[in-house]
Amino acid sequence: MEQVPWWQSAVVYQIYPRSFADADGDGVGDLQGIRSRLDYLQWLGVEVIWLSPVFRSPMADFGYDVSDFCDIDPIFGTLADMDELIADCHARGMRLMLDWVPNHTSDQHPWFHESRSNRTNPKADWYVWRDEPANNWLCSFTNGASAWDFDERRGQWYLHCFLPQQPDLNWDNPDVELAMHDTLRFWLDRGVDGFRMDVVHLIGKQLDQDDAPGAIKRGYPHVPFNDVPVTHERLRGIRKVLDSYNGDRASVGEVYLLDEAKMAAYYGDHDELHLSFNFSFLWATWDAAGLRAKISNTLGHLEPLGAWPTWVLSNHDVPRHRQRYGGSEHVARLAAVMLLTLRGTPFLFQGEELGLVDAVVPEAQRLDPGGRDGCRAPLPWTPDAAHGWPGTPWLPFAPEPDVRNVASMQRDPASILHLYRDLLGLRRGHAALQSGTLEMLETGDHVLAYRRCAGSQRIVVAINMGHEPLAVSALAGATLLISTAGATTPATTTGIIAAQEAVVALLA
Ligand code: NOJ
């Protein structure tokens, strides 16, 4: 098969460490817990793991408020645990990506302590300080509060696009840029394979630009609207750091711009991000015509640049996609077929392979200032009451953990978990799916269908989201590789797909 870089051929699995697996019984997942479950990830066929932040943090934003970029928070373990995890992953041929948070730190980071101490200290300019708020931006997670807070000690205002406990770094200061590059090198030297880069489009800012009042009302604060040229210079600097490690380390940026054309620019000319998330696709509704348009639009912007797409439906910030799409497991199965057969790198969020919806978290147990607890519920491993968690987990489980857990679903070949595993295997085994071209097929309003080709290998994927069986002529006579309708489907397709069925078939 054609040799493509690992970050293009692999399927990435996002671990939310607090909720994955708990080795020490304190109710919060940890690095040793992850190590103990690598067999599972390998069985599933995952090749790359991305860990949400595990660096030292007061956890105001559950790790996205970092107080030391070069240490592991004790709740997750130690640097030695991380070294073991890296070694274990590599021994299994798996890669490990960490979550790097370049836009802001915790207000407990020593840099901020120093910066806020007076106006003349060596780090006085490491954060964004002004005598007056420089604009009308609002911050995230605080119900419409200003992104500027007054610091009594220094007698000035500082910018925080997220919580007040997450002051924004001042990337206009070259010392900040160098210090942040050093944090990358710290982990690259320890062997990590790359980084997911948190809100990386925010490292350049045009502070004198107010948000339009209409934009503010959309419920999102300033965050989605930052898109300024200087960010691209900074991304090129970051890329140089990564490329200095044999060209084998990779980045995926959280570029939260809901516009494919703008997002595509963050790949640069193969000199900025290796990959960028595509949130416009994530937020698309479950509708064949709409999804077809989104996919075509994404490919249309990326292909001319030689940029490689990503596809993600769920993560730790949004309601799980099974829930967003209406709650049926059936739809979650169709979505899995789509996610894992598109041209680009798919990202799975822990638990989607079990078809989880969000946990119902009683008000008294809610912890996240952004209201995202539901999708962050602990992963159920076993059917018994503890579900593989030695202590009471920090959040309640998602519904049906007695049946919707890893052990039970591993035993059931008809489970959605096995569908995910089969799809991952199919992808690994077929160049057309891993790296082939994608051509959309016109199949009406209710069927999403496309052809993937590499060399002489041609695969057709057809997903019938409608409520009537439909003929897809491109499928006739093809050899069935996977059908969500299960074993009842004959091995050679007639070209008719049932209502709510998805098929992947090999053309002769
Ligand atoms: C995006 C992360 O995914 C989210 O969890 C976090 O709260 C914000 N960035 C701020 O770091």
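Coordinate-derived values only; no laboratory data. The model shown is predicted, which means the values in this text are computed figures rather than measured ones. All Cβ positions, glycine included, derive from the backbone under ideal geometry; neighbour counts span all protein chains shown.
Compute the FRET efficiency between W283 and S328 as 1/(1 + (r/R0)^6), taking r as their Cβ-Cβ distance and R0 = 22 Å, and round to the nearest 0.05.
The formula returns an efficiency of 0.70 here.
Contact order for the chain, expressed relative to its length and based on alpha carbon pairs under 8 Å spaced 6+ residues apart, stands at 13 percent. For the chain, find the longest principal axis of its Cα atoms and tell me its angle to the long axis of helix 329-339, 0 to 90°, nearest 10. The two axes meet at around 80 degrees. Relative to the Cα centre, the charge distribution of region 110-189, modelled as +1 at Lys and Arg Cβ and -1 at Asp and Glu Cβ, gives a dipole magnitude of about 180 debye.
Binning the alpha carbon pair distances of the chain at 20 angstrom intervals from zero yields the distribution 23, 56, 20, 1, expressed in whole percent. Highest-first packing order for the peptide set 182-191, 422-431 is 422-431, 182-191, based on the mean count of other beta carbon atoms within 10 Å.
With a 10 Å radius around each residue's Cβ, average the other Cβ atoms per peptide and rank 363-374, 322-333, highest first.
Highest mean packing first, the order is 322-333, 363-374.
The radius of gyration of the Cα set in region 82-188, together with its Dmax, comes out at 16.9, 54 angstrom.
Return the whole-Å distance between the Cα centroid of region 144-162 and the Cα centroid of region 48-123. Region 144-162 and region 48-123 have Cα centres separated by 23 Å. Just from its helices, what would the mean residue ellipticity at 222 nm be for the chain, if runs of 4 or more DSSP H residues each count -39500 (n - 2.57) and the sum is divided by every residue, rounded to the nearest 500 deg cm²/dmol? Rounded to the nearest 500, it is -7500 deg cm²/dmol.
Quote the charge dipole size of the chain about the Cα centre in Debye, to the nearest 20; the model charges only the Cβ of Lys and Arg (+1) and of Asp and Glu (-1).
Working: 42 positive and 66 negative charges, 262 e Å.
For this selection, approximately 1260 debye.
Among the GluC sites (Glu not before Pro) in region 1-90, those located in a DSSP loop and surrounded by at most 11 other Cβ atoms within 10 Å of their own Cβ are E2. At full extension, H90 and V230 could sit 46.8 nm farther apart than now, given 0.36 nm per residue minus the alpha carbon distance. Karplus-derived 3J(HN,Hα) values for region 234-242, using 6.51 cos²θ - 1.76 cosθ + 1.60 with θ = phi - 60°, are 5, 5, 5, x, 5, 4, 4, 4, 5 Hz; glycine and proline are entered as x. With each label modelled as a point 7 angstrom along the Cα→C-beta vector, the C70-D412 pair spans 4.9 nm.
For D99, the amide hydrogen comes within under 5 Å of the amide hydrogens of L51, V54, R196, counting only partners 5 or more places away or on other chains and with H modelled in the peptide plane. The convex hull of the Cα atoms of region 437-506, projected and averaged over all directions, covers 4.2 nm².
Extending 7 Å from Cα along the Cβ direction at L305 and again at T492 yields two label points whose distance is 4.5 nm.
Straightening the chain between D26 and R190 buys 56.3 nm, computed as 0.36 nm per residue apart minus the Cα-Cα spacing.
A simple rule links phi to the HN-Hα coupling: the Karplus curve 6.51 cos²θ - 1.76 cosθ + 1.60 with θ = phi - 60°, which for region 108-122 gives 9, 5, x, 4, 6, 3, 5, 4, 7, 5, 6, 9, 10, 5, x Hz, with x for Gly and Pro. Note on the chain: dipole from Cβ charges, positive end direction compared against W187, W283, T341; the farthest Cα belongs to T341. Between D172 and E468, the simple label model (points 7 Å from Cα in the Cβ direction) yields a spacing of 6.1 nm. Between the helical axis of 288-302 and the longest alpha-carbon principal axis of the chain there is an angle of about 60 degrees. Phi angles across region 388-405 convert, under the Karplus curve 6.51 cos²θ - 1.76 cosθ + 1.60 with θ = phi - 60°, into 3J(HN,Hα) values of x, 9, x, x, 5, x, 5, 9, x, 6, 5, x, 6, x, 5, 10, 8, 9 Hz, Gly and Pro given as x. If you count Lys pairs in the chain whose Cα atoms are under 23 Å apart, skipping same-chain pairs closer than 8 places in sequence, the total is 7.
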